[in-house]
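Here the structure comes first, spelled out in structure tokens, and everything after it is commentary.
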Amino acid sequence: MLQNCSCKILQGGFDCPVSSVEYHSRYVRPGSLFVCIEGTDTDGHLYVEEAVRKGASAVVCRDPEKIRRSGGPLENLKKPEGEPVTIVQTDDCRKALSVISSAFYGNPSQELILFGVTGTKGKTTTSYMIREILKQAGISCGLVGTVEIDTGRRIVESRNTTPQSSDLQKYLREMADSGCKAAVLEVSSQALMQKRVEGIDFDCGVFTNLEEDHVGPGEHADFYEYAYWKSRLFTGCRRAVVNGDDPHLDLILRDCQCPVTTYGFGRKCGIRGCDFAHIRLPRKLGVEFRVKGDYNIDLVVGMAGKFSCYNAMAAAAAVMPYCSDEKALKKALLNISVPGRQEMFGREGAVMMVDYAHNGTALRSLLSALRQYEPKRLTCVFGCGGQRDRSRRFGMAEAAAEYADFTVVTSDNPRREPAEQIAGDIAGVLKRKGAEYTVIQDRREAIYHAVRHSIRGEIVVIAGKGHETCQLTGDEKIHFDDREEVCRAIEKVNYERNNTGRN
């Protein structure tokens, strides 16, 4: 296993048995191989002594001097029986962790039809669409993404869009062992930069779009670095499905060597959308359009906005070689439901929508799309996370001022920043733009206010948190789910009107 990565042995031998592969000393047990990951907040080299004390039989490091400085000579690192712990040096511990983990779990990606989805927006929705199409066609499919991890055996709440490589390989092994034939992974730029998907065989890479995002401290230095790391997915897949209308497509395909299928509304796209229309479905909004070119079909998608057509075309193009069941495709897209992504709830002719739009670009895209449904009123409930780039809250405020008829400014995840300060920044933009708004700091009350005052034909968007189930205030992490609160507010308003005559 250790021979599968570029490294040299400093002490011990390659033949030591390994019971698990770990990058966090907390989870080390007798026989573990511990890989020193250098992170933003801490450094695995500082925990080698603890890992050995817990029974690690081998350590992979980049800088043995860090180990010496923190714990003394390497020869002092011994197993309980007195034998020296194997110490291996490599120039890239993150890549080593990926390659070693893949080998340890038996290269599970080779046993699955594997889809990797990357892009600024639409990754989660496109991933769910791929999974649902395959499931409708009778092909069991696992999922790894922002919302959850579905191994076919269990559902795990996600902490990152793409887990660390050793965790990811464990989930893929679980999928293969539980009978999954396919798996779809959301692949973030951070995951590509940190080599979390190194050693994974992707049958199909999917690109949704590329916009200014994830640039700043702890993320990417600039837009071109961000684009570069997105493009890395397409250097290691057998087939690429890409948005042919995206202006930055050349940056994504710069080093791509595999066959490429383009989708979009442009004339040159291999899979081309046309005859697009906004439609209303029972208790929800949708779109219908026709697909021509390499694939010809009429589709109805149970989500709003033209971008839903792009996501649907991406999913359809991705599964084409593995699923020719048009009924499965149509049924999956019509009934698609993605946690916290345009999740809709009806009340007396009004539509309540919970969505993850948490920056100006995403909120502007969503609200402008909803304007096309000609609502009697468009209300937006949102706040913005604290201790983050302030331009994000200004961008969201500008989007709401331009497209919403009324805005309810509330709290999101203020963290250690005063919630009143965040709300004040947002309200300042709304006031300057002459927009109608109110400020209700309690998010539960803000949602109730919007539901209670909704009218027939109105669309109410509760934006920013989507699938998230907690709120971060100071050092507290409390349970809070916008979807639960919308349902609770609808029940409360219905009760009040049925039992008290309150209007």
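The values are calculated or read from the model by the stated rules, or taken from the named source; none is laboratory data. Here the structure is a predicted model, which is why all the values come from computation and not from measurement. In this analysis, Cβ positions are derived from the backbone assuming ideal geometry, glycine residues included, and neighbour counts consider all displayed protein chains. Areas reflect the complete protein model, heavy atoms only, side chains present, ligands, DNA and RNA absent. Shrake-Rupley method; radii C 1.70, N 1.55, O 1.52, S 1.80 Å.
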Identify the residue in the range 370-384 that is in contact (Cβ under 8 Å) with a residue 40 or more places away in the chain and in a loop (DSSP other than H, G, I, E, B) and, among all such residues, is farthest from Ile447 (Cα to Cα). Gln372
Could you list, in sequence order, all residues of the range 181-214 that are out of contact with any strand residue (DSSP E or B) (no Cβ under 8 Å at 6 or more places or on another chain) and open to solvent by less than 10 Å² (accessible area, probe 1.4 Å)? Ala191, Leu210
Taking the range 271-323 and keeping only residues that are farther than 18 Å from Glu374 by Cβ, among the polar types (S, T, N, Q) and within 23 Å of the chain's Cα centre (by Cα), one is left with Asn311
Kindly check whether there is at least one residue in the range 393-405 that is more than 28 Å from the chain's Cα centre (by Cα), surrounded by 14 or more Cβ atoms within 10 Å (Cβ to Cβ) and in contact (Cβ under 8 Å) with a residue 24 or more places away in the chain. yes
Checklist (1) under 20 Å from Ser189 (Cβ atoms); (2) open to solvent by 10 Å² or more (accessible area, probe 1.4 Å); (3) among the β-branched types (Val, Ile, Thr); (4) assigned to a helix (DSSP H, G or I) applied to Thr120, failing item: (4)
Apart from one, (1) closer than 19 Å to Ser98 by Cα; (2) β-branched (Val, Ile, Thr); (3) in contact (Cβ under 8 Å) with a residue 40 or more places away in the chain all hold for Val59; the odd one out is (3)
Just the residues that are at positive phi and touching a Cys at 6+ places or on another chain (Cβ under 9 Å), please, taken from the range 282-300. Gly293
Name the one entry in Val99, Val156, Val88 that is open to solvent by 20 Å² or more (accessible area, probe 1.4 Å), of a type in the set (A, V, I, L, M) and outside any helix (DSSP H, G or I). Val156
In the range 159-180, what residues are farther than 19 Å from Ser20 by Cβ, surrounded by 19 or more Cβ atoms within 10 Å (Cβ to Cβ) and within 19 Å of the chain's Cα centre (by Cα)? Thr161, Thr162
I'm told Gln421 meets every condition in (1) open to solvent by less than 50 Å² (accessible area, probe 1.4 Å); (2) modelled with pLDDT of 95 or more; (3) more than 22 Å from Gly340 (Cβ to Cβ); (4) not in a strand (DSSP E or B) except one. Can you identify the failing condition by its number? (1)
Are there strands (runs of 3 or more DSSP E) fully within the range 424-503 with at least 1 residues that are more than 20 Å from Asn413 (Cβ to Cβ) and in contact (Cβ under 8 Å) with a residue 40 or more places away in the chain? List them. 458-463
Confirm whether Ile459 is within 29 Å of Gln387 (Cβ to Cβ) and among the hydrophobic types (A, V, I, L, M, F, W, C). no
Over the range 1-57, the set of residues under 14 Å from Leu77 (Cα atoms), part of a loop (DSSP other than H, G, I, E, B), in contact with a helix residue (DSSP H, G or I) (Cβ under 9 Å, 6 or more places away or on another chain) and open to solvent by less than 50 Å² (accessible area, probe 1.4 Å) is Ala56
Some residue of the range 64-73 being assigned to a loop (DSSP other than H, G, I, E, B) and either open to solvent by less than 20 Å² (accessible area, probe 1.4 Å) or not aliphatic (A, V, I, L, M) (or both): yes
Which numbered condition Arg456 misses (of (1) surrounded by 13 or more Cβ atoms within 10 Å (Cβ to Cβ); (2) among the basic types (Lys, Arg); (3) in contact with a Lys or Arg (Cβ under 8 Å, 6 or more places away or on another chain)): (1)
Look through the range 473-490, keep the residues that are within 22 Å of the chain's Cα centre (by Cα) and open to solvent by 50 Å² or more (accessible area, probe 1.4 Å), and return whichever of them is nearest to Leu281 (Cα to Cα). Glu484
Quick check, is Ser140 open to solvent by less than 10 Å² (accessible area, probe 1.4 Å) and among the polar types (S, T, N, Q)? no
